[in-house]
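The values are calculated or read from the model by the stated rules, or taken from the named source; none is laboratory data. Remember, predicted model here, so these are calculated numbers, not experimental data. Positions of Cβ are backbone-derived with ideal geometry, glycine not excepted, and every protein chain shown enters the neighbour counts. Surface areas here come from the heavy atoms of the whole protein model, side chains and all, with no ligands, DNA or RNA. Shrake-Rupley method; radii C 1.70, N 1.55, O 1.52, S 1.80 Å.
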Amino acid sequence: MEDTVKYILELKNVSVSYSPGKQAVDNVSAGIQPHTVTAIMGPSGCGKSTLLRAVNRLHELYRDIRTTGEILLKGESVFRMNPMQVRRLAGMVFQRPNPFPTMSVYGNVLAGYKLNNISLSQAEKDGIVERSLRSVNLWDEVKDSLNKKGTFLSGGQQQRLCIARTLALKPELLLMDEPTSALDPISTARIEELILELKKQVTILIVTHNMSQAARISDQSMFMYLGELVEFGPTKQMFTKPRDKRTEDYLTGAFG
């Protein structure tokens, strides 16, 4: 029982293949502690996003992708849970802001409840919308425009709206796939500040190409190369005294 408290997410020998015999993620094991930010780093095509999407079973939306090993969320196998339940507990924020274009700001925040056929009273809806938008510091910016389309917002605001939409369902885990790569530096800084605030509420797993971003916001880092988890540990330690030569080469820019 102690283990379920120690790690909110456990990966045990997780492999993902897109075609037989070719592993995009190869035998990865790691334990993620609650209320931490873990950065997943590595060169393009090393399996970072593939690993992230395995956590909430997004690969099952595609044929031919096979995931093996164990993924435990709060001690329970995600493969024995209803996929919709897994995606409520482990919400995903994508690289490009993707508010639903036909929905208002208000509707976007509540989209998860609609998709899950969860009925709410008007007062509950209003409360969830305000709470979720406040949690991403967006309420004061949009409270007078709740009925406008989410797409009228700036890129940074749209990404915060997408985070609010995910947080509305009160996930335990927030999976972020390069959430600032399409944003300008000011919007990026706001999202980074937000991530540091949000770890009080949720555990965050973030894929990032940006090493300085990983250094600024993460407690733990995972360095992946060719599908393998090369190194995993406290970010500070990894950036100052990496244990593996490949990690050192990547962090110093000497990587082939």
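So how many residues does region 1-16 have that are at pLDDT 95 or above and either farther than 25 Å from Glu172 by Cβ or hydrophobic (A, V, I, L, M, F, W, C) (or both)?
Looking only at that region, the number is 5.
Test Met84 against the stated conditions and say whether it is closer than 19 Å to Cys162 by Cβ, touching a helix residue (DSSP H, G or I) at 6+ places or on another chain (Cβ under 9 Å) and either acidic (Asp, Glu) or open to solvent by 80 Å² or more (accessible area, probe 1.4 Å) (or both).
Values: closer than 19 Å to Cys162 by Cβ: yes; touching a helix residue (DSSP H, G or I) at 6+ places or on another chain (Cβ under 9 Å): yes; either acidic (Asp, Glu) or open to solvent by 80 Å² or more (accessible area, probe 1.4 Å) (or both): yes.
Spelling it out, Met84 is indeed closer than 19 Å to Cys162 by Cβ, touching a helix residue (DSSP H, G or I) at 6+ places or on another chain (Cβ under 9 Å) and either acidic (Asp, Glu) or open to solvent by 80 Å² or more (accessible area, probe 1.4 Å) (or both).
Output the qualifying pairs, or none if there are none: Cβ atoms under 6 angstrom, residues six or more apart or on different chains, first residue in region 234-256 and exposed (fewer than 14 other Cβ atoms within 10 Å of the Cβ), second residue modelled with pLDDT of 95 or more and hydrophobic (A, V, I, L, M, F, W, C).
Asp244/Val230
Can you work out which of the residues in region 203-230 that are open to solvent by 10 Å² or more (accessible area, probe 1.4 Å) and either touching a Cys at 6+ places or on another chain (Cβ under 8 Å) or acidic (Asp, Glu) (or both) is nearest to Ala168 (Cα to Cα)?
This residue is Asp219.
Quick one: which helices (runs of 4 or more DSSP H) lie wholly within region 112-202 and hold at least 1 residues that are touching a residue at least 60 places away in the same chain (Cβ under 8 Å) and open to solvent by less than 40 Å² (accessible area, probe 1.4 Å)? Talk me through it step by step, then tell me what you get.
Details: elements: 122-135, 139-142, 155-167, 185-198.
Those helices (runs of 4 or more DSSP H) span 122-135, 155-167, 185-198.
If you take the residues in region 37-71 that are among the polar types (S, T, N, Q) and open to solvent by 20 Å² or more (accessible area, probe 1.4 Å), which one is nearest to the chain's Cα centre (by Cα)? Walk me through it before giving the result.
Start the filter on region 37-71 by keeping residues that are among the polar types (S, T, N, Q), which leaves 38, 44, 49-50, 56, 67-68.
Among the residues that remain, those that are also open to solvent by 20 Å² or more (accessible area, probe 1.4 Å) are: 44, 49, 67-68.
Working: Ser44: 17, Ser49: 10, Thr67: 18, Thr68: 20 Å.
Out of the qualifying residues, it is Ser49.
With respect to Ile118, is the statement that it is modelled with pLDDT under 95, of a type in the set (A, V, I, L, M, F, W, C) and over 18 Å from the mean Cα position of the chain (by Cα) true?
Answer is yes for this residue.
When you scan region 12-22, do you find a residue that is of a type in the set (Gly, Ala, Ser), under 23 Å from His209 (Cα atoms) and more than 15 Å from the chain's Cα centre (by Cα), even just one? Show your work before the answer.
From region 12-22, those of a type in the set (Gly, Ala, Ser) are 15, 17, 19, 21; that's our starting set.
Narrowing the set further to residues that are under 23 Å from His209 (Cα atoms) leaves 15, 17.
Subset that is more than 15 Å from the chain's Cα centre (by Cα): 15, 17.
Within region 12-22 (the criterion being of a type in the set (Gly, Ala, Ser), under 23 Å from His209 (Cα atoms) and more than 15 Å from the chain's Cα centre (by Cα)), the answer is yes, since at least one residue qualifies.
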